């Protein structure tokens, strides 16, 4: 029943490059980069997005914003010059969610790979943000990494379970 096959395409590469440009732009330029990121996001929705993908993006972005808000509320990290998570980070969550069916689509076939990529790569994004002083970690680097790995490993599995469920629904209604 599961048919979430992945094939590398020019759109997957465009998605990957677009997300990396967005990540760098939002990290280095903050809120002033949001119009450019929003343009790339709209481009994605227009040219790449699949039928149920907007629902997936909204769910993943909501989960991410709630997660980061919870981590900030519990003083795991904080953002300079703002009381809550910044708007650029919310934008980044929407842009990240747009990679699930595209440049991260290769993860759909392996929960172990999802767990490993979530547990290894995602915390590095937070540590990079700390290195560039856009987020301040209140725990040591090692403890922050370990905590984020324990959260993000299973979280990426959950995100792909949501994706799979939406994909199955999409195929059922199409028949």
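The figures follow:
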| item | result |
| --- | --- |
| Given (1) modelled with pLDDT of 95 or more; (2) in contact with a helix residue (DSSP H, G or I) (Cβ under 6 Å, 6 or more places away or on another chain), number of the condition residue 146 does not satisfy | (2) |
| Filter result (buried (at least 19 other Cβ atoms within 10 Å of the Cβ) and without any contact (Cβ under 8 Å) to a residue 40 or more places away in the chain) within the stretch 19-41 | 25 |
| Hey, residue 151 modelled with pLDDT under 95, out of contact with any helix residue (DSSP H, G or I) (no Cβ under 6 Å at 6 or more places or on another chain) and surrounded by 15 or more Cβ atoms within 10 Å (Cβ to Cβ) or not | no |
| Residue check, residue 146 more than 18 Å from the chain's Cα centre (by Cα) and either in a helix (DSSP H, G or I) or within 16 Å of residue 64 (Cβ to Cβ) (or both) | yes |
| When residues of the stretch 42-51 are limited to those that are more than 13 Å from residue 102 (Cβ to Cβ) and more than 17 Å from the chain's Cα centre (by Cα), the one surrounded by the fewest Cβ atoms within 10 Å (Cβ to Cβ) | 46 |
| Sole exception among (1) over 15 Å from residue 151 (Cα atoms); (2) modelled with pLDDT of 95 or more; (3) surrounded by 15 or more Cβ atoms within 10 Å (Cβ to Cβ) for residue 68, by number | (1) |
| Set 140, 125, 144: member being surrounded by fewer than 21 Cβ atoms within 10 Å (Cβ to Cβ) and in contact with a strand residue (DSSP E or B) (Cβ under 9 Å, 6 or more places away or on another chain) | 144 |
| Restricting the stretch 94-122 to residues that are free of Cβ contacts under 8 Å to residues at least 24 places away in the same chain and over 29 Å from residue 35 (Cα atoms), the residue that is surrounded by the fewest Cβ atoms within 10 Å (Cβ to Cβ) | 112 |
| Criterion violated by residue 91 - all others in (1) surrounded by 15 or more Cβ atoms within 10 Å (Cβ to Cβ); (2) farther than 26 Å from residue 139 by Cα; (3) modelled with pLDDT of 95 or more satisfied | (2) |
| Any hit, the stretch 64-75, residues being within 30 Å of residue 168 (Cα to Cα) and in contact (Cβ under 8 Å) with a residue 40 or more places away in the chain | yes |
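The values are calculated or read from the model by the stated rules, or taken from the named source; none is laboratory data. Since we're looking at a predicted model, the values are computed, not measured. Cβ: placed from backbone, ideal geometry, glycine included. Neighbour counts: every protein chain shown.
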